[in-house]
Amino acid sequence: PVRDVAFIGLGIMGTPMAANLVRAGHTVTGYDVVPGAVERLVAAGGHAATSVADAVEGAGVVITMLPNHPQVEEVVLGAGGVLESAKPGTLLADMSTIRPETSLQVAAAAAEKGIRVLDAPVSGGEAGAKQAALSIMVGGEAADFEAAKPLFAALGTTIVHVGPHGAGQVVKAANQLVVGGIYALVSEAIVLMEGSGVDPKTGLDVLAGGLAANRILDLKRESMVARRFEPGFRIDLHHKDMSIAIAAARQADVSLPMTGLVAQLVAAARAMGHGSLDHSALLKVTEQLSGR
Ligand code: NAD
């Protein structure tokens with residue numbers, strides 16, 4: 001088993017994930033453009049690198065946890081990037097949420113260098129990252145999935161090989177469009193009840209026990225009714241993910257009208273200046289549409 005891991009992108013998610021790999025006994029060398037992020041990894045028992053190439057040298061596995069596809073392109077495909085620096089046989093697991101198309105491009109470019117790639121985006125948020133309880137949806141070769149599985153087991157609890165390259169990103173896009181849709185409809189339920197003079201807390205309690213039950217109702221109905229929108233998962237990131245879902249739909253030549261609508265609601269939330277609030281702040285858009 002590979003013990004030497006390079007971890008690139010030590011943000012909200014990457015920092016606790018890298019720390020969990022250290023805890024599981026891996027030698028983790030990290031790099032981030034923000035020096036403070038690297039220092040946090042060192043404090044957790046990891047090692048500091050001064051560049052992508054420096055982090056990747058000698059590593060058997062490279063993990064990237066970056067904001068979006070331009071950063072993945074730069075770090076993986078760019079000058080001094082992972083493909084230029086890693087030795088053949090290295091396994092690259094990109095755990096960022098990006099469009100499936102880019103995962104396919106990365107896999108093709110990596111194959112030419114003898115580097116194996118998995119797209120392995122996650123669900124579960126910062127709490128899931130800290131508790132090593134993430135859901136990990138993995139696209140790529142079955143043998144590479146098996147090789148990476150023990151490593152993923154240090155990061156998450158639901159670890160599933162969902163198909164070939166890009167399939168992990170497709171499943172993540174599906175996850176995000178469902179989550180966005182649920183927030184939009186829970187928001188409408190709240191606005192309807194309040195507009196009708198019915199206590200929304202009592203109403204949502206009933207919904208949470210019936211066919212409309214879901215995890216967002218379980219975890220967020222109280223904070224939504226109380227209008228507490230501190231993140232969590234920011235509107236800005238969900239806006240990115242809805243754009244990924246729309247791009248994936250175009251690529252697959254399918255029509256997703258509800259996704260289009262939810263994407264526009266998320267765009268409205270952002271345009272209204274709520275990009276840094278939790279995605280449950282979709283409620284603010286729904287209220288405004290009713291003049292509330
Ligand atoms: P973040 O912005 O906190 O972390 C990204 C890190 O990448 C930052 O520390 C940034 O400095 C670093 N970075 C950017 N460009 C770089 C480069 N060229 N070289 C090295 N480092 C670079 O974001 P996050 O919340 O950790 O999310 C990372 C990914 O995981 C995103 O794709 C996001 O959509 C996804 N995700 C986030 C959550 C969540 O709840 N935050 C949940 C699931 C999935």
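Under a 5 Å amide H cut-off, with hydrogens placed 1.01 Å from N, T90 pairs with R116 among residues at least 5 apart or on other chains. With viscosity 1.567 mPa s and temperature 4 °C, the Kirkwood radius over alpha carbon pairs of region 152-292 converts through Stokes-Einstein to a diffusion coefficient of 80 µm²/s. Shown in residue order for region 11-19 are the 3J(HN,Hα) couplings computed by the Karplus curve 6.51 cos²θ - 1.76 cosθ + 1.60 at θ = phi - 60°: x, 3, 8, x, 4, x, 5, 4, 5 Hz (x for Gly and Pro). Any chance you could give the angle, 0 to 90 degrees and rounded to 10, that helix 235-252 forms with the longest Cα principal axis of the chain? That works out to roughly 80 degrees. Within the shell of other residues whose beta carbon sits under 12 angstrom from the beta carbon of A269, the net charge comes to 0, with Lys and Arg scored +1 and Asp and Glu -1. Taking amide H atoms as placed 1.01 Å from N in the peptide plane, the amide H of I63 lies under 5 Å from those of A6, F7, I8, A93, each 5 or more residues away in sequence or on another chain. When restricted to Cα atoms, region 15-105 yields an Rg and a Dmax of 12.6, 36 Å, respectively. Hydrodynamic estimate: the Kirkwood radius of the chain over Cα pairs, inserted into Stokes-Einstein at 25 °C and 0.890 mPa s, corresponds to D of 123 µm²/s. For the chain, adding -39500 (n - 2.57) for each run of n ≥ 4 DSSP H residues and dividing by the number of residues yields -15500 deg cm²/dmol at 222 nm. Shown in residue order for region 119-130 are the 3J(HN,Hα) couplings computed by the Karplus curve 6.51 cos²θ - 1.76 cosθ + 1.60 at θ = phi - 60°: 8, 9, x, 10, 9, x, x, 4, 4, x, 5, 5 Hz (x for Gly and Pro). Beta bridges from DSSP with both residues in the chain: antiparallel share about 15 percent, rounded to the nearest 5. The string of couplings for region 185-197 from the Karplus curve (6.51, -1.76, 1.60, θ = phi - 60°) is 6, 4, 4, 5, 4, 5, 4, 4, 5, 5, x, 9, x Hz, one whole number per residue in order, with x for Gly and Pro. Listed by chain and number, the lysines placed with their C-alpha closer than 25 angstrom to that of K130 are K149, K172, K220, K240; residues fewer than eight positions away on the same chain are left out. Only beta bridges with both residues in region 4-164 are counted; by DSSP, about 10 percent of them are antiparallel. All other residues whose Cβ lies under 13 angstrom from that of T259 are scored, Lys and Arg at +1 and Asp and Glu at -1, for a net of 0. Each of the peptides 160-167, 254-261, 4-11, 281-288 was scored by the mean count of other Cβ atoms within 10 Å over its residues; in descending order, highest first, they stand as 4-11, 281-288, 160-167, 254-261. Taking a Cβ cut-off of under 15 Å around N175, the surrounding Lys, Arg, Asp and Glu residues balance to a net charge of +2, with basic ones at +1 and acidic ones at -1.
Just so you know, all these numbers are worked out from the coordinates, no wet-lab data involved. Predicted, not measured: the structure shown is a model, and the values here were computed from it. Virtual Cβ from ideal backbone geometry, glycine too; neighbours counted across all protein chains shown.
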